[in-house]
Amino acid sequence: MKDTLKVGIIGGGLMGREAASAFGRWFVLENMPVRAELVAVCDLQDKLLDWFRQVPTVKLLTKDHHQLLACSDVDVVYVAVPHNLHEKLYLDVLAAGKDLLAEKPFGIDLGASLRIQEAIKKSGRFVRCSSEFPFLPGPQRIVQSLQAAQLGRILEIRSGFWHASDLDPLKPCNWKRQVKTCGEIGVMGDLGMHAVHVPFRLGWNPKRVYAQLQKIYTERPDGKGGMAPCDTWDNAMLHTDVEIDGREVPMRLETKRLAPGEMNTWFIEVLGTDGGFRYSTKEPKTVWQFERRKDQLWQRLEVGHQMAFPTITGGIFEAGFPDCFLQMWAAYAAERAGQLNGRFGCVTPEEAVRSHQLFSAALQSHQTKTVVTITN
Ligand SMILES: NC(=O)c1ccc[n+]([C@@H]2O[C@H](COP(=O)([O-])OP(=O)(O)OC[C@H]3O[C@@H](n4cnc5c(N)ncnc54)[C@H](O)[C@@H]3O)[C@@H](O)[C@H]2O)c1
């Protein structure tokens, strides 16, 4: 008989419903030590609570997160709310004695992330932060190869996340475009965790940063006939130095809301003197692998649905967003149960705090137009 992980969701918007979809398909996972079940949901909007009525395992729908946290049936809480609410809600989850899968950026700023980290240490609860793209088969293949392979001297690293929906100046403003709800770090808070997860896990921690930040549209329609200010950073290019095998290597982290032609494009590129890798969700099945032999070869490797947590889906089929989101939850559940068994895990609180240290230094760098040393 498998253990059952009973989950409550606070914030049933875009990501809360995506999580419900993952739990609804949990049975496709093979040999999972844990079964996950969505039992309770909290959101402020009636229409969203109504949406969750179609999930048969949900016993509690509420607008008061304290009621969800008082529910003895809930083991783990997934919190997917605007960034200004992260600290308060994460601390409430921990105070209620529950485990947490937090959403990025793990607090609205560095101070919030440090207070959350402190509360986690005191509570002893199991906490991880969301970042799902590294769980796609392509990135998994690269991570395994990078841990094992000889690339020679690593020359440079690029990691990033781009989208383009904000190119339309008539796209209405929402909480993600305002400092008070998204945070001063703007696009770095929105997309940055996706860009740093793999580099941080491989031990590539920026020592210093030079940041180029852009605000492109400063107001947008407010949806009520007027205009609303948009004061967050839209695009961020972070030029950093990391140390690999005692040598400094440039690593560029790119997060952009206005990247022409891109739609949720997560990518990573690692180039060495003897070998390299390149992957983008634009070509979801393709890992490009460089090899320097007598000739220089860029080889195209097709990956299918070979997941770290195997599913019933045929190995030749393609993987997409809902698949990597399910894999991330499988990694969370397995690690919580002590059964990750060397597989790639979710972002740790320490890594999340480190991302804030980087983004905070990036703000300072952009403001002063200088290179800023990062203190961990
Ligand atoms: N991992 C990813 O790929 C990914 C993608 C998008 C967003 N996110 C993150 O997920 C979080 C939520 O983003 P989203 O896009 O789902 O936002 P959203 O606006 O679609 O949903 C947020 C929900 O929170 C609810 N809410 C607000 N205050 C609440 C409260 N006090 N109690 C209960 N519910 C409350 C809102 O009613 C709304 O339904 C953010 O941290 C964001 O950065 C992650």
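Numbers at a glance
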{"read-out": "Gyration tensor over alpha-carbon atoms, region 3-129, equivalent ellipsoid semi-axes in Å", "value": "23, 17, 13"}
{"read-out": "Most mobile of 122, 285, 63 in a GNM of the chain (Cα contacts under 10 Å)", "value": "122"}
{"read-out": "Residue-wise HN-Hα coupling along region 285-295, computed from phi with Karplus coefficients 6.51, -1.76, 1.60 (Hz; x: Gly, Pro)", "value": "9, 10, 10, 8, 10, 9, 9, 9, 10, 5, 9"}
{"read-out": "Gain upon complete extension [residue 264, residue 60; 0.36 nm per residue less C-alpha separation]", "value": "70.1 nm"}
{"read-out": "Footprinting exposure proxy for 247, 158 (fewest neighbouring C-beta atoms within 10 Å first)", "value": "247, 158"}
{"read-out": "Cubic angstrom per residue, convex hull over Cα atoms of region 239-352", "value": "179"}
{"read-out": "Whole-angstrom gap from region 165-212 to region 328-366, using each part's C-alpha centre", "value": "15"}
{"read-out": "Part-to-part distance (alpha-carbon centres) for region 109-131 and region 244-292, which is given in Å", "value": "29"}
{"read-out": "Cα→Cβ-extended label distance, 7 Å offset, between residue 316 and residue 115, nm", "value": "5.5"}
{"read-out": "Two-site label geometry, residue 243 and residue 21: point separation in nm, points 7 Å out along Cα→Cβ", "value": "4.3"}
{"read-out": "Estimated 222 nm signal from helices in the chain, with DSSP H stretches of n ≥ 4 weighted -39500 (n - 2.57), rounded to 500", "value": "-9500 deg cm²/dmol"}
{"read-out": "Calculated log₁₀ intensity ratio I(q)/I(0) where the Debye formula runs over C-alpha points of the chain, q = 0.07, 0.08, 0.15 Å⁻¹", "value": "-0.31, -0.41, -1.47"}
{"read-out": "Loop sites in region 329-376: trypsin sites (Lys or Arg not before Pro), DSSP, at most 12 other Cβ within 10 Å", "value": "369"}
{"read-out": "Sites residue 367 and residue 88, calculated FRET efficiency, Cβ-Cβ separation with R0 35 Å, nearest 0.05", "value": "0.80"}
{"read-out": "Label-point separation, residue 292 to residue 252 (7 Å along Cα→Cβ), nm", "value": "2.0"}
{"read-out": "Most positive-pole-ward Cα, 27, 155, 349, against dipole of the chain from beta carbon charges", "value": "155"}
{"read-out": "Difference of contour (0.36 nm per residue) and Cα-Cα distance, residue 301 to residue 216", "value": "26.9 nm"}
{"read-out": "Kyte-Doolittle mean at least -0.5 and Cα axial length at least 15 Å: DSSP H helices in the chain", "value": "14-24, 110-123, 137-148, 187-201, 321-336"}
{"read-out": "Difference of contour (0.36 nm per residue) and Cα-Cα distance, residue 224 to residue 72", "value": "50.6 nm"}
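Every number here is computed from the coordinates shown, using simple stated rules; none is lab data. Model, not experiment: these values are computed from the prediction. In this analysis, Cβ positions are derived from the backbone assuming ideal geometry, glycine residues included, and neighbour counts consider all displayed protein chains.
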